[in-house]
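The values are calculated or read from the model by the stated rules, or taken from the named source; none is laboratory data. Small disclaimer: the values here were computed from a predicted structure and weren't measured. Virtual Cβ from ideal backbone geometry, glycine too; neighbours counted across all protein chains shown. In case anyone asks, the SASA skips ligands and DNA or RNA and just uses the protein heavy atoms, side chains included. Shrake-Rupley method; radii C 1.70, N 1.55, O 1.52, S 1.80 Å.
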Amino acid sequence: MAFDNRRGRDKDGSDLKDQVVYINRVTKVVKGGKNFSFSALVVVGDGKGQVGFGMGKAKEVPSAIAKGIEKAKRAMVKIPLRGATIPHAVVGRHGAGRVMLKPASPGTGVIAGGPVRAILETLGIQDVLTKCIGTQNPHNVVRATMQGLLSLQDARKVAKLRGVPMERVAASKGPTAAMGIRGDGHGPGGEA
């Protein structure tokens with residue numbers, strides 16, 4: 001599957017956006033001097049709910065990026081979305097890193113930094129609040145974000161698993177619904 005850089009689409013016709021998150025130069029000292037190589041962390045998404053990440057290593061930066069893009073394409077997964085945001089709040093964990101993702105109302109935008117922003121923009125999310133906790137290492141932040149996104153569940157799937165009607169699962173809509181906060185005087189934060 002070859003990639004056409006001019007149009008940003010695969011030969012099979014699917015539009016894919018790629019974004020380089022981090023490039024690292026590695027130096028190995030050998031008898032004759034120093035050997036330089038590069039590693040690139042890349043995120044690829046279609047902007048419609050599919051995203052993947054990959055890391056490529058090579059002697060040249062463009063080769064490392066190309067390898068990362070190929071690995072990211074093979075690792076693409078489908079993430080459930082609710083409009084332009086995520087269905088509910090979630091915390092992703094990997095190593096020392098934690099990434100908190102919260103749905104936001106329309107017009108908020110992507111409130112995220114660096115690696116998290118790259119994933120969410122290539123995924124197609126337009127309104128979300130995030131916070132990185134614990135580490136700023138791009139590799140761990142990307143993996144924590146992906147773990148959080150993979151733990152998202154669609155309301156229809158939850159209703160089917162619980163055996164209740166869809167209206168009951170999605171009864172209280174809004175960003176605070178996933179955190180158990182209801183505005184009707186019941187539950188946490190809604191004292192009567």
Legend entry - Sulfur and carbon atoms: percent of accessible area, region 85-129 [1.4 Å]: 56
Inset, instruction - With 5 Å bins from zero, work out the P(r) of region 35-135 over every alpha carbon pair and list the percent per bin. - result: 3, 13, 19, 22, 18, 13, 7, 3, 1, 0
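Per residue, what accessible area does region 33-92 have, given a 1.4 Å probe and all protein chains present, in Å²? Intermediate results must be reported in sequence, preceding the final value.
On the way: 2710 Å² over 60 residues.
Spelled out: the 1.4 Å probe surface of region 33-92, per residue, equals 45 Å².
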Legend entry - Rough spin-label spacing in nm, given labels placed 7 Å along Cα→Cβ, for V20 and A58: 1.1
